[in-house]
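A.B. asks: Below you will find the structure I want to go over with you.
The values are calculated or read from the model by the stated rules, or taken from the named source; none is laboratory data. Quick caveat, the model's predicted, so the values are computed rather than measured. Because the Cβ atoms are built from the backbone with ideal geometry, glycine has one as well, and the counts that use them run over all protein chains shown. The area values use the complete protein model at the heavy-atom level, side chains included, leaving out ligands, DNA and RNA. Shrake-Rupley method; radii C 1.70, N 1.55, O 1.52, S 1.80 Å.
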Amino acid sequence: MSSVAVESQKRRTFAIISHPDAGKTTVTEKLLLYAGAIHLAGSVKARKNSRHAISDWMKMEQERGISVTSSVLQFGYKQAALNLLDTPGHADFSEDTYRTLAAVDSAIMLIDHAKGVEARTLRLFEVCRMRKLPVVTFMNKLDREGRDPLDLLDDVSKSLNIEVAPLNWPIGNGRDFKGVIDIRSQIVHLFAADSHGSTIAKVTTLPFVESEKLIGTRLFDETSEQLELLAAAGTAYNRDSFMAGEVSPVFWGSALTNFGVGPLLDFIAAHAAPPAARIAEDGNVINPNDERFSGFIFKIQANMNPRHRDRIAFLRVVSGRFSRGMETVLGRSGDKLKLAKPHSFMAQERSIVDEAWPGDIVGLYDSGQLRIGDTLCEGAQFSFSGIPRFAPEYFAQLVVRDAMKRKAVDSGLSQLSHEGVIQLFYNSISRQEPYLGAVGQLQFEVLKERLKNEYGADVAYRSSPYRWVRWIGGEPEGLKWLKARRDYAIMQDRNGRPVLLAESQFSINYALENAPGLVLYDIEPL
Ligand code: G4P
């Protein structure tokens, strides 16, 4: 096997999708703890809370404690090299969160077992489905009271329209939580309620048939019954269906008390998807084992020293070997680019990287040349199909306080929209006064700060009546119907494609029901 094939097979590049508060930070930290990448849990969490940031960070980001180093975590576990990409949640939720899913090969879907599938999980899962990503489910917080596990499983399966196949099963929950049973081996992993959260917990194991005394007859009978039901009516795990994104294997645990994280990590390292092949715009399939290096930019983080305007572009390696200082070609323009100071993201810190392999994420200093979705490769120029943009959920119009700054603002908007900070929608007649769209409020704040720091322009926002945007497709008659009515706002996206801005879901539905042949997309068609 070539060294590219060997290294590529070891890579597991994944993200955790969840609703805020389901325990993403806690699980992330415990994965690092179990992999031996950190020695005492608490450090990831501390970062989240301390609002501490690298010295040259934009002030606002400092205040919020977002940091580049935590957006990608690389760590080894057994034979595997894991790349865990952060999907920002809470207030920092933005298009980046969606785009990250374009750069991973599998995802862990984290669910609070008392709450089931929540809104954000659903949205993120839809993006995974679009990419046919294999998704592993982790039901968290078993140390707290929660829902009946069979009902919960049914709810997940129905609301996400996916088959679920438990690989282990909980014994009780809340105060009664006794542990999990590995379905295949029928071995019980006993939970010790007093296990300390900051170090690896010792787990006692024994065959389920011998566990009645320890877990009590009631729970033993209840669990036996559930296992019988599962065996009779449940979905069996099958690797091919998992890899195709059709079946999600399910694990249960309590990240806070370190319980159940070990089996999850073992599964990810052994069975999560290795780097996938990707399709280029011309239809060619680029295999990770190809000797020729290629990769694409999925995120640009302006790193915000106003004097230097340095940005870091995050490159996902798709094929071949990446090496420091290599000459590459930019797919979009054919420009040559020497990748002089690439960074990797080892568990806690950023460091210069000499080589990287398919599945790895490399940080590149960018002086404004790179855009989201850009391809970098060796040899002849080509491009991967782009990263789709997602329908924004917040809208505003820009008010430029100083008319002299109009030009600066225009060029800023153009650059920053290519970096994925904001989406722009233009009135078909004039390109002035575009509507700005974002999937998270933070994007507006970032835009404002950056226009001020980098373009010297003070801007404010005027609220917009629009709440929804859809890309317009289908028959030309549909678009004609919309245009003929005065109450529909038809605008253009940055590529001149028609979009519909609407004030209500009702008006979108009305158009869909009445405009002949109209199709509306909530993700930009590629
Ligand atoms: P997030 O990144 O998904 O937003 O979640 P995070 O890990 O910050 O967890 C949210 C809250 O849930 C935290 O409590 C955390 O301690 C708790 N939590 C996470 N996993 C478990 C678990 O397995 N069991 C229980 N009982 N709780 C869990 P908090 O009170 O908001 O924060 P903190 O005071 O603990 O830091």
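A.B. asks: What's the percent breakdown of Cα-Cα distances in the chain across 10 Å bins, shortest bin first?
C.D. replies: In order of increasing distance, the bins hold 4, 17, 26, 25, 17, 8, 2, 0 percent.
A.B. asks: State, as an integer percentage, the relative contact order of the chain based on alpha-carbon contacts under 8 Å between residues 6 or more apart.
C.D. replies: The normalised contact order for the chain reaches 14 percent.
A.B. asks: Please report, to two decimal places, log10 I(q)/I(0) for segment 336-495 at q = 0.13, 0.18, 0.20 Å⁻¹ as given by the Debye formula with identical point scatterers on the Cα atoms and no solvent.
C.D. replies: -0.80, -1.19, -1.31
A.B. asks: Then there is this: How fast does segment 158-231 diffuse by Stokes-Einstein, in µm²/s, taking the Kirkwood radius from C-alpha pairs at 37 °C and 0.692 mPa s?
C.D. replies: 246
A.B. asks: Counting only heavy atoms of the protein chains, get the accessible area per residue of the chain (1.4 Å probe) and round it to a whole Å² value.
C.D. replies: Accessible area per residue, the chain: 43 Å².
A.B. asks: Now for a different question. Return the inverse of the average 1/r over all pairs of distinct C-alpha atoms in segment 435-482, which is the Kirkwood hydrodynamic radius, in Å to one decimal.
C.D. replies: 13.5
A.B. asks: While we're here: With a cut-off of at most 13 other beta carbons within 10 Å, and DSSP calling the residue loop, which trypsin sites (Lys or Arg not before Pro) in segment 119-187 qualify? Please list them.
C.D. replies: Counting only loop positions with at most 13 other Cβ atoms within 10 Å, the trypsin sites (Lys or Arg not before Pro) in segment 119-187 are LYS132, ARG184.
A.B. asks: Relative to the first principal axis of the alpha-carbon coordinates of the chain, what is the inclination of helix 217-233, with its axis defined by its Cα atoms, in degrees from 0 to 90 and to the nearest 10?
C.D. replies: It is inclined by approximately 60 degrees.
A.B. asks: Among the lysines, select those whose C-alpha is under 28 Å from the C-alpha of LYS213, and discard any that sit fewer than 8 residues away in the same chain.
C.D. replies: LYS141, LYS178, LYS202
A.B. asks: Amide H to amide H under 5 Å from VAL136: which residues, 5+ apart in sequence or cross-chain, H placed 1.01 Å off N in plane?
C.D. replies: ALA107, ILE108, MET109
A.B. asks: Something else about it: Could you tell me how many degrees, from 0 to 90 and to the nearest 10, lie between the Cα long axis of helix 406-418 and the main elongation axis, the longest principal axis, of the Cα atoms of the chain?
C.D. replies: Once rounded, one gets 30 degrees.
A.B. asks: Something else about it: In whole angstrom, how long is each semi-axis of the equivalent ellipsoid of segment 216-295, when you take the square root of 5 times every eigenvalue of its Cα gyration tensor and sort them from largest down?
C.D. replies: 39, 17, 8
A.B. asks: Please give the length that would be gained between GLN492 and SER333 if that part of the chain were fully extended, namely 0.36 nm times their separation in residues minus their C-alpha to C-alpha distance (nm, one decimal).
C.D. replies: Using 0.36 nm per residue and subtracting the Cα-Cα distance, I get 54.9 nm.
A.B. asks: Could you check how much of the accessible area of the chain is carbon and sulfur, as a whole percent, using a 1.4 Å probe?
C.D. replies: With neighbouring chains kept in place, the figure for the chain is 49 percent.
A.B. asks: What residues from segment 442-463 fall in the zone where the backbone N is under 20 Å from a label point 7 Å along the Cα-to-C-beta line of ARG406?
C.D. replies: Only 451-452, 455-462 fall inside the zone, counting backbone N under 20 Å.
A.B. asks: Exceeding 31 Å between C-alpha atoms, which entries from my cross-link table qualify? They are LYS299/LYS336; LYS78/LYS341; LYS30/LYS158; LYS132/LYS299; LYS24/LYS336; LYS10/LYS115.
C.D. replies: Going by Cα-Cα distance, LYS24/LYS336; LYS10/LYS115 fall outside the 31 Å limit.
A.B. asks: At 0.36 nm per residue, and after removing the present C-alpha to C-alpha distance, how many nm does the segment from ALA484 to SER385 gain when stretched out fully?
C.D. replies: Contour length minus Cα-Cα distance gives 32.2 nm.
A.B. asks: Compute the Rg/Rh shape ratio of segment 99-141: radius of gyration over Kirkwood radius, all on alpha-carbon atoms.
C.D. replies: Checking Rg against Rh, the ratio lands at 0.97.
A.B. asks: Loop only by DSSP, 15 or fewer other Cβ within 10 Å of the Cβ. Give me the trypsin sites (Lys or Arg not before Pro) in segment 378-458 that pass, ordered by residue number.
C.D. replies: In loop regions of segment 378-458 (DSSP not H, G, I, E or B), the sparsely surrounded trypsin sites (Lys or Arg not before Pro) are ARG401, ARG431.
A.B. asks: What is the angle, in °, between the Cα long axis of helix 261-271 and the longest principal axis of the Cα atoms in the chain? Nearest 10 is fine, range 0 to 90.
C.D. replies: Here the helix axis deviates by roughly 70 degrees.
A.B. asks: Could you count how many Lys pairs in segment 384-526 have their Cα atoms under 16 Å apart, skipping same-chain pairs fewer than 8 positions apart?
C.D. replies: Total qualifying Lys-Lys pairs in segment 384-526 comes to 4.
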